[in-house]
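Read-outs: derived from the displayed coordinates by stated rules, not from any lab. The model shown is predicted, which means the values in this text are computed figures rather than measured ones.
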Amino acid sequence: MKLSALKCGQKGRITKMDGAGPLKRRLMDMGVLVGEEVKMEKVAPLGDPLEVTIKSYKLSLRKKEADGILVEVVA
């Protein structure tokens, strides 16, 4: 499932990152890597941006950016 599809409070593990170029490099530099656990903290009223926690820090992503990150739900 896409990262943007997680519900508030739900956790997931990154399984794949689509895309290439500067966006993928920027996300990787911020610690968004395959195998990392993310938690959806909150979603703006119109669905954009999203706030997630990864590696104990909060990260705000656009929905378009989060759609390129695939996750599996973890308990």
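Enclosing the Cα atoms of the chain in their convex hull gives a volume equal to 75 cubic angstrom per residue.
3J(HN,Hα) along the range 23-30, derived from phi through the Karplus expression 6.51 cos²θ - 1.76 cosθ + 1.60 where θ = phi - 60°, amounts to 5, 4, 4, 4, 5, 5, 5, 8 Hz, with x in place of Gly and Pro.
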